[in-house]
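Taking it in order: structure first as structure tokens, then the write-up.
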Amino acid sequence: MRPTISQLRTWDTASLAAASKANSTNADSLDEAIDSAMRAIDSATSWFGKTHDAADQRITQEQDHAREVRNVLLQIVDEPDDAARDLGFAKDHVLGEVDGALADGFPQRRRIRDASRRG
């Protein structure tokens, strides 16, 4: 369904960008948490042997998994940002055309018949 001009004027495309901010924050938090865990393992200088190696191997695996999750979150961030930008450009273009037509004296309440209905 296409929006009316009055509906289009009220579209808040910035809210889409705001929605992606939460995912971006979550991706950053995940990055910080896994980096902190990696630093903790690396700084355990008095810990040697098989248990240290096993912990190091496990945290490296978790780091890889966390990076995959972070990458998915960042892809999710991109979608609403792209939509906000694209819809914002389209909204601005349509409203610019409407405002230009109104400024040129096109009657605001006049309805244009759909050419496909003629016949």
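The values are calculated or read from the model by the stated rules, or taken from the named source; none is laboratory data. What you see is a predicted model, and the numbers here were worked out from it, not measured in a lab. Heads up, the Cβs are rebuilt from the backbone with ideal geometry, glycines too, and the neighbour counts pull from every protein chain shown. Ligands, DNA and RNA are excluded from the accessible area calculation, which covers all protein heavy atoms including side chains. Shrake-Rupley method; radii C 1.70, N 1.55, O 1.52, S 1.80 Å.
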Check region 66-78 and report whether any residue there is modelled with pLDDT of 90 or more and open to solvent by 80 Å² or more (accessible area, probe 1.4 Å).
yes
Pairs needed: first member in region 10-28, among the small types (Gly, Ala, Ser); second member anywhere, loosely packed, with under 12 Cβ neighbours inside 10 Å; C-beta distance under 6 Å; at least 6 residues apart or different chains.
none
Determine which member of the set Gln75, Gln61 is more than 19 Å from Ala22 (Cβ to Cβ), out of contact with any Ser or Thr (no Cβ under 6 Å at 6 or more places or on another chain) and part of a helix (DSSP H, G or I).
Gln61
Output the residue which, of all residues in region 93-119 that are open to solvent by less than 70 Å² (accessible area, probe 1.4 Å) and part of a loop (DSSP other than H, G, I, E, B), is modelled with the highest pLDDT.
Gly105
Does region 21-44 include one or more residues that are more than 24 Å from Ala66 (Cα to Cα) and assigned to a loop (DSSP other than H, G, I, E, B)?
no
Mind checking whether some residue in region 61-71 is among the β-branched types (Val, Ile, Thr) and under 18 Å from the mean Cα position of the chain (by Cα)?
yes
Tally of residues being part of a loop (DSSP other than H, G, I, E, B) and open to solvent by 70 Å² or more (accessible area, probe 1.4 Å) across region 5-20
2
Identify, from the list Thr25, Thr45, the residue that is over 27 Å from Gly88 (Cβ atoms), exposed (fewer than 13 other Cβ atoms within 10 Å of the Cβ) and not hydrophobic (A, V, I, L, M, F, W, C).
Thr45
Quick one: is Ala83 at pLDDT 85 or above and open to solvent by 60 Å² or more (accessible area, probe 1.4 Å)?
no
